[in-house]
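The values are calculated or read from the model by the stated rules, or taken from the named source; none is laboratory data. Since this is a predicted model, take the numbers as computed values, not measurements. Ideal geometry is used to build each Cβ from the backbone, glycine not excepted, and the neighbour counts take in all protein chains shown. Side chains included, ligands, DNA and RNA excluded: accessible areas come from the protein's heavy atoms. Shrake-Rupley method; radii C 1.70, N 1.55, O 1.52, S 1.80 Å.
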Amino acid sequence: MLGIGRGSREGVISLEASIKSCGRTKQWSVALRLLREGLRLGVQLGPGHYVATASACRKGGQWQHALSVLSDMWKAKLEPNVISYSAGISACEKGEQWQPALALLSEMWEAKLEPDVISYNAGISACEKGEQWQRALALLSEMWEAKLEPDVISYSAGISACEKGEQWQRALALLSEMWEAKLEPNAGGEAGAHVISYSAGISACEKGEQWQRALALRASSGSGHLRC
């Protein structure tokens with residue numbers, strides 16, 4: 001499958017590029033075959049090859065394969081880093097597996113690796129999908145303690161978690177925090193997440209039979225002024 005030499009630097013780079021290309025096109029099975037072929041040929045694989053393969057699996061909705069690839073990386077005695085752990089947490093989030101996601105976050109701290117905003121966002125989103133609103137809020141709290149500033153995606157996932165848990169007061173508190181932090185709708189290309197934040201807040205109010213607040217939020221979403 002691969003015309004590369006065992007010690008060829010060009011071959012090593014080419015292999016990683018090919019695996020990344022599979023990730024972009026969601027061809028996770030091809031990415032796995034490329035990685036295995038590289039191993040068979042004795043190519044000196046680095047963390048980038050494993051992370052790219054795990055990312056391809058994640059994008060293809062194959063969270064178990066993604067974690068298996070990362071496990072193989074660690075067995076190969078390649079030092080895990082923030083990027084590799086984040087890839088694993090994101091894979092768990094994609095597969096709606098909140099418990100493995102939290103386990104990986106915990107492992108990061110044990111390995112003396114500090115999770116970044118991407119790591120936490122994936123963890124919060126995994127908790128949201130698993131309807132674990134308390135854990136989602138605990139992760140938001142951890143972010144502040146770690147001196148990381150939550151972004152629109154962090155708040156959006158937290159608000160959605162509260163909505164699913166029928167916690168309208170907490171959902172509104174997070175919306176208010178997001179507003180006070182001056183997180184703009186288009187900051188970092190996160191317009192979609194901003195819309196989701198408002199929609200989840202409105203839904204939380206509706207579930208809590210807070211129709212007046214729900215109407216106020218609907219008006220706020222297009223006015224540029226938060227009213228709840």
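Quick notes on this structure:
- Number of residues in the range 107-123 that are assigned to a helix (DSSP H, G or I), of a type in the set (A, V, I, L, M) and touching an Asp or Glu at 6+ places or on another chain (Cβ under 9 Å): the value is 3.
- Inspection of the range 71-78 identifies at least one residue that is more than 30 Å from Ala171 (Cα to Cα) and surrounded by 22 or more Cβ atoms within 10 Å (Cβ to Cβ).
- Residue in the range 96-106 that is part of a helix (DSSP H, G or I), open to solvent by 40 Å² or more (accessible area, probe 1.4 Å) and modelled with pLDDT under 90 present: no
- Of the residues examined, Leu39 is not one that is hydrophobic (A, V, I, L, M, F, W, C) and crowded, with 17+ Cβ neighbours inside 10 Å.
- For Ala66, the criteria (1) under 24 Å from Ala138 (Cβ atoms); (2) crowded, with 19+ Cβ neighbours inside 10 Å; (3) hydrophobic (A, V, I, L, M, F, W, C); (4) under 14 Å from the mean Cα position of the chain (by Cα) hold in every case but one, which is (1).
- Here Glu166 does not fit the description of being under 26 Å from Val82 (Cα atoms), touching a residue at least 12 places away in the same chain (Cβ under 8 Å) and surrounded by fewer than 16 Cβ atoms within 10 Å (Cβ to Cβ).
- Criterion violated by Val152 - all others in (1) farther than 20 Å from Gly88 by Cβ; (2) free of Cβ contacts under 8 Å to residues at least 40 places away in the same chain satisfied: (2)
- Scanning the range 142-161 for residues that are part of a helix (DSSP H, G or I), open to solvent by 60 Å² or more (accessible area, probe 1.4 Å) and out of contact with any Phe, Trp or Tyr (no Cβ under 9 Å at 6 or more places or on another chain) yields Trp144, Glu145, Ile153.
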